[in-house]
1. Using a 1.4 Å probe and counting only protein heavy atoms, arrange Val12, Val55 so the residue with the most accessible area comes first.
2. Just to verify a number: what accessible area does Met71 come out at with the full protein assembly present, 1.4 Å probe, Å² rounded to tens?
3. Based on Cβ point charges of +1 for Lys and Arg and -1 for Asp and Glu, what charge dipole magnitude is obtained for the chain about its Cα centre, in debye rounded to the nearest 20?
4. Can you compute 3J(HN,Hα) from phi for each residue in the range 113-123, using the Karplus curve 6.51 cos²θ - 1.76 cosθ + 1.60 with θ = phi - 60°, rounded to whole Hz and x for Gly and Pro?
5. Magnitude of the Cβ-charge dipole of the range 14-66, K/R +1 and D/E -1, about the Cα centre, nearest 20 debye?
6. Which aspartates and glutamates, on any chain, are close to Lys79 with Cα under 17 Å apart, when same-chain ones fewer than 8 places away are left out?
7. Can you sort Trp47, Trp119 by 1.4 Å-probe accessible area, starting with the largest?
8. Towards the positive end of the charge dipole of the chain, with charges on Cβ (+1 Lys, Arg; -1 Asp, Glu), say which of Ser80, Leu16, Leu27 has the farthest Cα.
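The values are calculated or read from the model by the stated rules, or taken from the named source; none is laboratory data. Since we're looking at a predicted model, the values are computed, not measured. When we count neighbours, we look across all protein chains shown, and the Cβ atoms used for this are built from the backbone with ideal geometry, even at glycine. In case anyone asks, the SASA skips ligands and DNA or RNA and just uses the protein heavy atoms, side chains included. Shrake-Rupley method; radii C 1.70, N 1.55, O 1.52, S 1.80 Å.
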Amino acid sequence: MQFSQIQHCSLVVQDLERAAAFYRDVLGLTEIEIPATFRTRGLKVRWFRLGNQQVHILLGTENLPDTQHHMALQVDDAKSARAWMKEKDINIKETIPIPGADRFFIRDPDHNLIEIIEWQETYPNTPVARM
């Protein structure tokens with residue numbers, strides 16, 4: 001058995017419509033159908049496609065607004081992404097640099113932390129040496 005990739009991440013939101021508008025209209029993600037079995041059970045969720053992965057937003061009250069837990073979205077141009085977020089009045093938080101990357105953080109309307117990152121060089125992914 002070998003794990004190959006992250007298939008989806010889920011975020012708790014307090015207002016499903018407001019959050020869906022953010023992920024669709026600000027981040028530009030494509031909303032996809034939820035499973036029919038979810039609809040018949042009355043689950044309050046929305047799913048979005050992000051490349052080969054998905055972002056799921058779930059209606060709930062569990063959000064921790066000051067947590068550092070986050071998802072990272074890769075972009076091809078972080079400078080343009082910053083300008084886009086500023087146009088949309090999204091607060092941008094600069095952070096500790098990573099060599100070979102341009103990155104910053106934003107929060108969605110429910111205070112979920114999202115990293116926006118442009119890898120300008122391939123990260124080496126060097127395995128940690130075990131003693």
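1. Ranked from most to least accessible, the order is Val12, Val55.
2. My reading of the accessible area for Met71 is about 20 Å².
3. 340
4. Couplings: 7, 10, 8, 10, 9, 10, 7, 8, 9, 5, 6 Hz.
5. That gives a dipole near 240 debye.
6. The qualifying aspartates and glutamates are Glu87, Asp89, Glu94, Asp102, Glu115, Glu118, Glu121.
7. Reading off the accessible areas and sorting them downward yields Trp119, Trp47.
8. Leu16
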